[in-house]
Amino acid sequence: MDTIIGIDLGTTNSGVCVIRDGKPEMLPDEDGQTILASVVGFDNQGQLLVGQAARNQAILAPERTVRSIKRKMGQDTTVTLGEQTFTPQEISAVILRTLKERASRVLGEEVSKAVITVPAFFSEMQREATRQAGELAGLDVVRIINEPTAAALVYQPNTDCGERLLVYDLGGGTFDVSIVQIEGGVVEVLSSHGDTQLGGDDFDELLLEHVCDQFQENHGLDLRQLPAARSRVLQAVEEAKKALSFEPCATVSEEFVAEKEGGALHLNCEIRRSDYEEMIEPLLKKTIQCVDNALDDAKLHAKDIDKIVLVGGSSRTPLVHYMLEEQLQQTPHQEVDPDLCVAMGAAVQGGLIAGLDVGSVLVDITPHTLGIQCRSLLHGLPSVFCFAPIIPRNTPLPATRSDLFSTCVDGQQNAEINVFQGEDDDVRRNQPVGDFLLEGLDESAEAGNEILVRFELNLDGILIVTAVERVSGLEKQLMIDNAITQFRESGQEDARAKLDGIFGPPRDPAAPTIRHDDVPEETKQAIKDAIHLLNKAQQVVPTADPEDAEELKQMIEQMEEAIARRAVETIHEIGPKLEDVVFYLQDA
Ligand code: AMP
């Protein structure tokens with residue numbers, strides 16, 4: 001049987017994959033890159049450029065370069081490159097041929113058969129244009145399949161029992177969501193929704209606006225009006241955007257970005273993930289609306305979905321995971337690289353057509369969420385027992401993630417880093433895996449002094465936790481051996497039983513979430529008064545002498561714990577004492 005390759009012909013990027021030893025294997029170019037930028041152009045000598053080389057020249061020679069040709073497939077139109085004009089099929093054929101040649105080189109045989117993927121919303125004309133492009137590239141297109149079908153096949157190549165998957169595909173220029181049913185090896189798209197004008201490029205534009213506004217404020221120059229500078233900034237913000245998927249802040253830095261009155265101007269702008277998330281949230285809300293529409297069309301509810309599968313580079317954005325989890329009440333799967341998932345699925349389809357035995361392709365992931373203890377709101381009330389996830393469960397390994405935390409009081413000298421694994425918002429219901437103290441923080445810093453906490457988890461389950469005070473660079477590290485497995489077996493049960501003994505049994509997951517409204521009126525009033533008192537106490541801490549401040553902090557912690565547990569008796573016990581101390585210190 002001839003080899004059948006799988007090709008993802010994407011708007012931004014494309015890739016080719018084949019089944020080897022029962023597993024999909026992405027085929028790399030000579031430089032080891034598996035992704036091919038879907039960009040075609042001619043250099044100034046008339047030489048054909050495909051991929052990154054064409055992408056690089058897009059900034060300098062847009063008239064000789066074409067990108068996102070997929071958007072024009074099926075249209076009766078042409079694009080001009082220098083002196084020549086091309087149909088969209090011809091441009092797509094150049095990309096397909098590059099991938100065909102790559103496959104033939106890597107596999108050491110002439111490859112001529114392919115499965116090619118298209119978006120579920122593609123019309124017959126667009127599908128036909130894709131088939132023609134394949135033929136122009138010298139390929140026998142044995143099947144055209146939908147991208148969500150391909151993604152589903154990667155996660156479930158041989159399932160006999162029915163499963164419903166929600167495939168959320170957020171790429172550079174388009175967004176799609178499909179509900180897919182797999183039964184007895186047959187994949188059916190039940191419903192599909194999307195927005196052909198929404199993707200990572202829009203996020204880049206929002207960041208560009210933000211950075212250029214700041215630059216204009218500082219230097220009185222609008223970089224958006226200078227094409228070369230604009231392109232450089234656009235590339236730089238895209239890099240920053242990608243970094244923000246793993247880091248809490250990123251810096252956009254470009255030297256000599258412009259000139260003013262004979263002097264060079266440099267761009268240097270820090271972006272926080274929280275600010276970035278605020279910018280893109282309205283766009284992501286639109287994608288969630290599409291998810292709801294797709295569920296409605298398929299006459300299904302969130303609980304009918306067995307798995308959420310993430311596809312497309314922009315689905316790496318943490319806010320995407322967050323919003324999906326909130327909406328559908330389950331953690332999305334991201335075990336397979338979202339950039340490669342579709343090409344892999346096309347290869348799985350090719351393998352199935354060729355009669356190959358295709359096995360599971362899933363990679364190692366973290367089975368539990370890893371994070372640290374912090375002070376924040378727990379069920380709407382302040383608590384010191386909040387769990388701040390850093391590496392969410394189902395993240396492929398190795399994984400590095402970090403987040404920013406702040407000190408609670410002025411002049412705070414130490415920060416305790418308590419590492420937990422588990423899924424509960426309350427650390428007391430998760431498993432402790434290690435702790436350490438970052439000592440010697442800047443004494444002159446006010447509350448809000450930032451501490452960066454980085455988790456690096458490798459394939460062997462070794463977790464390296466690093467805490468860094470941002471202003472001074474003061475750093476401390478802890479290595480935790482076997483962070484993944486240490487509580488997996490019997491230890492987990494014992495630890496749970498022990499904690500249940502102390503704090504009562506965990507909440508039944510089917511039971512409604514305890515909201516503030518469910519709390520008796522009397523308890524609510526006691527908690528309200530206690531929070532008011534806590535706020536007063538926290539304001540007094542900075543002005544108190546060290547001994548009194550220490551005593552006050554201890555009482556604050558006791559009170560916070562009592563509030564978190566809604567322990568009215570304890571609140572009534574500590575309240576008057578705390579009130580006395582606050583009263584005494586306020587007047588001192
Ligand atoms: P695709 O069309 O699936 O190839 O996706 C390309 C888009 O994914 C581009 O907008 C990229 O900037 C974006 N992208 C790639 N990696 C990341 C990342 N780590 N975080 C956020 N966006 C990313």
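The values are calculated or read from the model by the stated rules, or taken from the named source; none is laboratory data. What you are looking at is a predicted structure, and each value in this text was computed from that prediction instead of being measured. Cβ sites come from the backbone with ideal geometry, for glycine too, and all protein chains shown count toward neighbours. In case anyone asks, the SASA skips ligands and DNA or RNA and just uses the protein heavy atoms, side chains included. Shrake-Rupley method; radii C 1.70, N 1.55, O 1.52, S 1.80 Å.
Results, tabulated for the structure shown:
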quantity	calculated
Residues (at pLDDT below 80 and more than 40 Å from the chain's Cα centre (by Cα)) located in segment 544-583	none
Every residue from segment 380-400 that is within 28 Å of L441 (Cβ to Cβ) and open to solvent by less than 40 Å² (accessible area, probe 1.4 Å)	L381, P382, S383, V384, F385, C386, F387, A388, I390, I391, A399
Tally of residues being under 30 Å from A250 (Cα atoms) and away from the ligand (no atom under 14 Å from the Cβ) across segment 178-212	4
Segment 341-371 - residue that is β-branched (V, I, T) and open to solvent by 40 Å² or more (accessible area, probe 1.4 Å) and, of those, modelled with the lowest pLDDT	V363
Pairs, first farther than 17 Å from Y276 by Cβ in segment 209-226, second of a type in the set (K, R) and in a helix (DSSP H, G or I), C-beta under 8 Å, six or more apart	L223/R230; R224/R230
Near pairs, Cβ below 8 angstrom, 6+ apart or cross-chain, from segment 3-23 (more than 9 Å from the ligand (Cβ to nearest atom)) to any residue that is basic (K, R) and at pLDDT 95 or above	T3/K113; I4/K113; I5/K100; I5/K113; V16/K100; V16/R102
Any chance R71 is in contact with a Gly (Cβ under 8 Å, 6 or more places away or on another chain) and either open to solvent by 20 Å² or more (accessible area, probe 1.4 Å) or basic (K, R) (or both)	yes
Answer residue from segment 462-489, given it is assigned to a loop (DSSP other than H, G, I, E, B) and at pLDDT 75 or above and is farthest from L404 (Cα to Cα) among those	D481
Those residues of segment 208-227 which are outside any helix (DSSP H, G or I) and either on the phi < 0 side of the Ramachandran plot or open to solvent by 60 Å² or more (accessible area, probe 1.4 Å) (or both), in sequence order	L221, D222, L226
Number of the exception - G194 against (1) open to solvent by 20 Å² or more (accessible area, probe 1.4 Å); (2) under 27 Å from N268 (Cα atoms)	(2)
Out of E109, E101, sole residue that is touching a residue at least 12 places away in the same chain (Cβ under 8 Å) and either open to solvent by 70 Å² or more (accessible area, probe 1.4 Å) or more than 30 Å from I179 (Cβ to Cβ) (or both)	E109
In segment 228-274, residue nearest to the ligand (Cβ to nearest atom) [restricted to those that are among the acidic types (D, E) and open to solvent by 70 Å² or more (accessible area, probe 1.4 Å)]	E239
Residue within segment 310-333 that is in a strand (DSSP E or B), closer than 30 Å to Q181 by Cα and within 16 Å of the ligand (Cβ to nearest atom) present	yes
Sole residue being within 27 Å of E557 (Cα to Cα), modelled with pLDDT of 90 or more and surrounded by fewer than 21 Cβ atoms within 10 Å (Cβ to Cβ), chosen from E456, E450, E423	E450
Yes/no for Q329 being surrounded by fewer than 22 Cβ atoms within 10 Å (Cβ to Cβ) and either closer than 30 Å to T523 by Cβ or among the aliphatic types (A, V, I, L, M) (or both)	yes
Failed criterion for L377 (all others in (1) touching a residue at least 60 places away in the same chain (Cβ under 8 Å); (2) surrounded by fewer than 20 Cβ atoms within 10 Å (Cβ to Cβ) hold)	(1)
Single unsatisfied condition, I182 versus (1) surrounded by 23 or more Cβ atoms within 10 Å (Cβ to Cβ); (2) modelled with pLDDT under 95; (3) within 21 Å of E277 (Cα to Cα)	(3)
